[in-house]
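Okay, so here's the structure we're looking at.
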Amino acid sequence: MVGNNFQLKEKKVSVRIEIVAGLTTFLTMAYIIFANPMILSSTGMDKEALIAVTCIVSAIGTLIVGVFAKAPIAMAPGMGLNAFFAYLVISGKMDWQTALGVVFLSGLLFLLLTLVGLRKKIVEAIPASLISAIAVGIGLFITFIGLVKLGVVVADAHTLVSAGPLTKTVLIGLVGLLVMIFFEMEKISGGLVIGILVSTALALMFDEKTVMPDKLISLHLNIKAIALQLDIFGALKWSFFGSIFTLMFMDMFDSVGTLVACCHQANMVDENGKIKGLDRLLGIDAVATMIGAVLGTSTTTSYIESASGIEQGGRTGLTSIVTGVLFLLALLFVPIVKIVPEYAAAPALIMVGLFMMKEVKRIDFSNIGEAFPAFIIMVMIALSYSISTGLAFGFISFVLIKVLSREAGDIKPVMWGIAILSVLFLMHERLGGIIEYLRTFVG
């Protein structure tokens, strides 16, 4: 029955292989259960509820993929996307309820673009070098957040940032980081989770602020603090359109890049090299984002860690179903996850940043027309502490350089539109004053 539903025989896999693949994918990406609540709780959202919702949304998105797309792809709240969510709130632009509304609208926009076929035009309009630069820039951004939460980097009145003191908690976190590095060197799945657990165990032994919970397993889940709290109408403001577009844009390229890599690895391509069911997978990604916003978390996306399960032989939706069920079982251990200190989970952010840096090799630095905009995107995302600002500067510089080099004809119409939106995004705070000035000047 199971074999017929998932075409195990046709794809030359067994139930055992699919179960092992699903377990491998879960272990590789389970760090999100620790990392996502750590990042989002900085906005004032309830951490215990975030842990539960992270597990629920990851399970729902992954199970939908397994049942309806029958693909070995897992979904969860995306790293980088959650950092952008936190930035929207911490920067004072909006409260977390409105930010959830922005996430919902970005998912809806992503779904509409997929349904009407505009997604392909947007993807094709932006050079591959700039897409890779976005991943690298977000990787640097996440690494910086991890270093700050670990305590390795601290604020400095004179130099803005500096190296922090080598405290007990920093040493505990660094031990976890070394464990993660060792597991990666040995190519053993689950290294990020093991590293977090090792640091947490050391924290329980040497940090008096970390104490064991009253119970290790809980059947009582309360997500009321963040579920159904999104403010969609509050997000429907012109000043927030840039944030909606940025989230949609980030999710789109993150998903496309992940799905292209994983689906080719899983042999999910036709005779023309096109991915089978790509639009369906992207549609599920968008729907999962909307569900996640309703339940109370940042943008949900396809996970590149799915490649670890595919490498173990996973080829069908049964792999995703196993991973989804494991995320549901993880709900039982919310009390344990809750005690993990920030400095114990922070090394996982540093490692994720390292993984995202691999995209730098795809940037053509011999072509200044693409190298400079890519460089600006990477630097400005990290140093301005704003993903959207980095993207805006990069897209504008790309168009300007093409115009100066008399290659404006190479700029696709959609890219012109993206550049104009980027200018409006950077100017939106002063747009009202500029319009008023023009009115006065004309009058």
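What the table below lists for this structure:
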| quantity | calculated |
| --- | --- |
| Failed criterion for residue 53 (all others in (1) open to solvent by 20 Å² or more (accessible area, probe 1.4 Å); (2) of a type in the set (Val, Ile, Thr); (3) assigned to a helix (DSSP H, G or I) hold) | (1) |
| Selection from the stretch 315-349 of residues that are in a loop (DSSP other than H, G, I, E, B) and over 30 Å from residue 171 (Cα atoms) | 315, 316 |
| Residues (at pLDDT 85 or above and closer than 30 Å to residue 216 by Cβ) located in the stretch 291-305 | 291, 292, 294, 295, 296, 297, 298, 300, 303 |
| Some residue of the stretch 211-226 being modelled with pLDDT of 75 or more, in a loop (DSSP other than H, G, I, E, B), over 25 Å from residue 46 (Cβ atoms) and open to solvent by less than 80 Å² (accessible area, probe 1.4 Å) | no |
| Some residue of the stretch 409-417 being in contact (Cβ under 8 Å) with a residue 24 or more places away in the chain and either among the polar types (S, T, N, Q) or within 17 Å of residue 243 (Cα to Cα) (or both) | no |
| Residues being in a loop (DSSP other than H, G, I, E, B) and in contact (Cβ under 8 Å) with a residue 12 or more places away in the chain - total across the stretch 179-210 | 5 |
| Residue within the stretch 42-50 that is touching a Cys at 6+ places or on another chain (Cβ under 8 Å) and surrounded by 24 or more Cβ atoms within 10 Å (Cβ to Cβ) present | no |
| Some residue of the stretch 274-289 being buried (at least 24 other Cβ atoms within 10 Å of the Cβ), touching a residue at least 60 places away in the same chain (Cβ under 8 Å) and in a loop (DSSP other than H, G, I, E, B) | no |
| Flag if residue 112 is open to solvent by 50 Å² or more (accessible area, probe 1.4 Å), in contact (Cβ under 8 Å) with a residue 24 or more places away in the chain and closer than 26 Å to residue 296 by Cα | no |
| Residue that is of a type outside the set (A, V, I, L, M, F, W, C), surrounded by fewer than 24 Cβ atoms within 10 Å (Cβ to Cβ) and either in contact (Cβ under 8 Å) with a residue 24 or more places away in the chain or not in a helix (DSSP H, G or I) (or both), where the choices are 22, 92 | 92 |
| The stretch 330-348 residues that are farther than 21 Å from residue 180 by Cα and in contact (Cβ under 8 Å) with a residue 40 or more places away in the chain, paired with ones that are of a type in the set (Asp, Glu) and open to solvent by 10 Å² or more (accessible area, probe 1.4 Å) (beta carbon under 7 Å, 6 or more apart) | 334/48 |
| Test: residue in the stretch 150-167 that is open to solvent by 60 Å² or more (accessible area, probe 1.4 Å) and touching a residue at least 40 places away in the same chain (Cβ under 8 Å) | no |
| Positions within the stretch 361-378 being open to solvent by 50 Å² or more (accessible area, probe 1.4 Å), part of a helix (DSSP H, G or I) and of a type in the set (A, V, I, L, M, F, W, C), in sequence order | 368, 372, 375 |
| Residues within the stretch 393-407 that are surrounded by 15 or more Cβ atoms within 10 Å (Cβ to Cβ) and without any contact (Cβ under 8 Å) to a residue 60 or more places away in the chain, tallied | 6 |
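Yes/no matrix, rows are residues, columns are (1) outside any helix (DSSP H, G or I); (2) closer than 30 Å to residue 314 by Cα; (3) modelled with pLDDT under 90:
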residue	(1), (2), (3)
57	no, yes, no
87	no, no, yes
130	no, no, yes
137	no, no, yes
140	no, no, yes
147	no, no, no
161	yes, no, yes
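Results for (1) modelled with pLDDT of 90 or more; (2) more than 30 Å from residue 187 (Cβ to Cβ); (3) of a type in the set (Phe, Trp, Tyr), shown as yes or no for each residue.
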{"position": "317", "(1), (2), (3)": "no, no, no"}
{"position": "335", "(1), (2), (3)": "no, yes, no"}
{"position": "345", "(1), (2), (3)": "no, no, no"}
{"position": "386", "(1), (2), (3)": "no, yes, no"}
{"position": "389", "(1), (2), (3)": "no, yes, no"}
{"position": "399", "(1), (2), (3)": "yes, yes, no"}
{"position": "402", "(1), (2), (3)": "yes, yes, no"}
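The values are calculated or read from the model by the stated rules, or taken from the named source; none is laboratory data. Only a predicted model underlies this, so the values are computations on that prediction, with no experimental measurement involved. Every residue, glycine as well, gets a Cβ built from its backbone with ideal geometry; the counts of neighbours run over all protein chains shown. We work out accessible area using only protein heavy atoms, side chains counted, and drop any ligands, DNA or RNA first. Shrake-Rupley method; radii C 1.70, N 1.55, O 1.52, S 1.80 Å.
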